[in-house]
1. Check 106, 139 and return the single one that is closer than 26 Å to residue 193 by Cα, crowded, with 23+ Cβ neighbours inside 10 Å, over 21 Å from the mean Cα position of the chain (by Cα) and in contact (Cβ under 8 Å) with a residue 24 or more places away in the chain.
2. Among the numbered criteria (1) in contact (Cβ under 8 Å) with a residue 12 or more places away in the chain; (2) under 30 Å from residue 287 (Cα atoms); (3) surrounded by fewer than 17 Cβ atoms within 10 Å (Cβ to Cβ), which one does residue 578 miss?
3. Tell me, which residue of region 655-678 that is surrounded by fewer than 18 Cβ atoms within 10 Å (Cβ to Cβ) and in contact with a helix residue (DSSP H, G or I) (Cβ under 6 Å, 6 or more places away or on another chain) is farthest from residue 629 (Cα to Cα)?
4. Any idea which of (1) farther than 23 Å from residue 199 by Cα; (2) touching a helix residue (DSSP H, G or I) at 6+ places or on another chain (Cβ under 6 Å) is the one residue 560 doesn't satisfy?
5. Quick check on this structure: which one of 506, 500, 545, 510 is more than 24 Å from residue 97 (Cβ to Cβ), surrounded by 18 or more Cβ atoms within 10 Å (Cβ to Cβ), modelled with pLDDT of 95 or more and not assigned by TED's automatic domain parsing to the domain that holds residue 210?
6. Just to be sure, is residue 357 in contact with a helix residue (DSSP H, G or I) (Cβ under 6 Å, 6 or more places away or on another chain) and touching a residue at least 60 places away in the same chain (Cβ under 8 Å)?
7. What is the residue count in region 238-251 for residues that are assigned to a helix (DSSP H, G or I) and exposed (fewer than 15 other Cβ atoms within 10 Å of the Cβ)?
8. Just wondering, is there one or more residues in region 72-94 that are surrounded by fewer than 16 Cβ atoms within 10 Å (Cβ to Cβ) and assigned to a helix (DSSP H, G or I)?
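The values are calculated or read from the model by the stated rules, or taken from the named source; none is laboratory data. Bear in mind that the values here come from a model prediction, so they are computed numbers and not experimental data. We place every Cβ from the backbone using ideal geometry, glycine too, and count neighbours over all the protein chains shown.
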C-alpha cells in the first residue's frame, strides 16, 4: 500500500504498557502541518494532540503565551450534543479542568524569557467508557511537544493513581507499601471502588503537578500514592525519549529576551536599597504604597529612557524584589508579612449572617476573606451534565467567584474564567467526601464562595467557608473541612529550601510552588500542587504534607470555635423534602396521561415533585402539611390492596349480579386515588338474601368493604361490611 513518497511513509507506531494495559502511540500520519502530532490509543480510547508555534516572540508581553485546549468531541462516545445548535460549543467544566491538568506540568518546562506563541490542542477521537481519556491526553501532549522542534524541557509522564481495598492484589505497574493497593489509570469500575483519585505528573527527576481527591487519606498514604505514580512516570519518560530518538526531532534555538547588562547594573545600583526598605513593611497596604513610591522614583530617575525601556526596567525591579524576599526567607526565616515559615495568619469567622439564605458564613484569614452561602434544592435542581462521561447529573455544586475589587483593582466583571472553574472544582472535591448520601439527605446542594478580599489562598478559604455554611444550613456533614496553601522557596545554587505555611499573594507570585491541601482532622480530602520550577522530590513533598497537616489542624480549631456541628434544623426558608420509593411500573399511574394526575396533585398542594426512573419520589415544599398530603395522595394512587384489608369505597356502577366500588380511603381514613375498584357480588351485600342490588346500595353511596379475593388477573372481590350508627361492623 505504501510507496516511496507516499504520505504514509512517515507513519510510525510505538507500543508500551501503562497500568497493565497496552498503549499504542502513532505519529506522522495525521495533521502533517502541526509542529508535533500524535495519537495515543488505549483500549477503544483514542486522543490526538497537535502543537504549533509562532514564528517569532509576541510583541509587548512579559509572559509565556502558552494556549492549551482540550476538545470533548461528542461523537467520540456516540452522542449528539445537547445544545440548541447540536454542535460542540464553549468548553464544559470537565474539558476546562482537563486543559488545566495538561497545562500545569508543561508550563514550567519552557525556556524562561521565551515568548513565542505555543498552541496545544488535544482532541478526543474515540472514548471507551472504561478508559478515561485524561491521562492519555496528558501523555499525548508531552509526546507531541517532545517530537516537535519546539524548545521544551520534557518529556513528562502522567498517571492517575487509585487505591482499592488497601489490597496488594490490586496493584498495577509497580509496588507500594504493605497493605496499600494502588492502581494505575483505574477503569470506571475500579474508580467506583477507589478511595483515592490522584493525578500525578512530572519528569523522570521530579514531580511537577498533583491533583488529588481522597476520602480522608493519611499524609503517609497520599505520599505513597504520589511516589507510586512517579515510578510509572519514569517509565513513560524513557518511552518518550525512545520515540524522540527514532523520529530524530531537532529543537529550534529559542530567542530569549535579554536584559541590557548596563541598564540592569544602573537600576540595581539605584533601586536595591529602596526596594529592601519598602519590602521591610509587613502591612500589605503600607508595603504597596512603598513599592509604588519606589516605582515612581525609578521612573523619575530614568525619565530620559523610561518610556521606551519601561518593560526592561519593570523586569529588573521584579528580579530585585524576588531576590530580596527569597533571600530574607532563606537566610532569616522571615516572610514579607513578618511571620515565620510555619505561622498561620489570624483567623476570624461568623455564620448565619444572611437571614434569607439557607446557610451562610464569613471566613477571614489575614487579608483573605470569603463570604460563602449554601442553598438547598430539590433533586430536580441537580446540575445536568453533557460531556463524555455516563454521569447525567451532579448533586453537589461549588461555585467560586473573585471580582476585581477583591484585589483592589478597577476592572469590569468578566465571564467565569478557567481559574474560577478550577478553584470551584477543587473546593467541591475537598467537601464531597464528608457530604451525606442522597438517601440520608435528599437535597441538591449548592455552595457559592464570593471572594471579598484576596491576599493568597482564597481557594482554601472558600473550602473553610463552605464547610461552615454547610453546617449553618443544617447539612449533616461528617466532619469539618479546612484548607491551607503551602509555598516553597528553593535556592537553585545552594539547594537550600524553605517550605511556607499559609502563603500570601507575594509569596505565591515570587515563590516556586503553590501546594493546596484540604482535609478533616482525620485526613486529606483534596490536593492541588503546581510548580514554577522543574519539580520537587519526595523529601520536600513529605515536609510540605506534614507542615500542611499541622496548619490544617490549627485552622480547624479556629473554625470549630465558631461552629462545631451542623444546625439541628433547616432554615425556615429552605424546602422540606421527603423521599420514598414506589415500584417503577407505578410511575405512569402517578404521572397520568399527559401529566394530568401529577399536575393535579401539585396544583392542590403547591409542592414540587420529582420522580426518578428507579421509583424514588421526592416531594418538596416549605409547608410540611402539604408534603404529607401529597405523599398520601401518591400512595393512594399506587396502593395495591391485599386480602383481608378493609377500605371505604364509593359505588360507581351497578349490574344485576353486583356493585362495583371504587376505593376512596383506607381503614385509617387516608385517601386513595387512582380509580382502582373491586366488585361486591350480590351474595356479599348483606347477611340475608338480596333480590336486587339497588335494594341495598345505590350509585354514589359510600360503603365499608373488605377484600376477600384477588384473582390472577388482579380482579378484586369485596364483601360489604354492614356497620351500625357508631361505625362498628354489624354482628
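1. The match here is 139.
2. If we test residue 578 against (1) in contact (Cβ under 8 Å) with a residue 12 or more places away in the chain; (2) under 30 Å from residue 287 (Cα atoms); (3) surrounded by fewer than 17 Cβ atoms within 10 Å (Cβ to Cβ), just (2) comes out false.
3. Selected residue: 657.
4. For residue 560, the exception is condition (2).
5. 500
6. In short, no.
7. Total satisfying the criteria: 5.
8. Yes, some residue in region 72-94 is surrounded by fewer than 16 Cβ atoms within 10 Å (Cβ to Cβ) and assigned to a helix (DSSP H, G or I).
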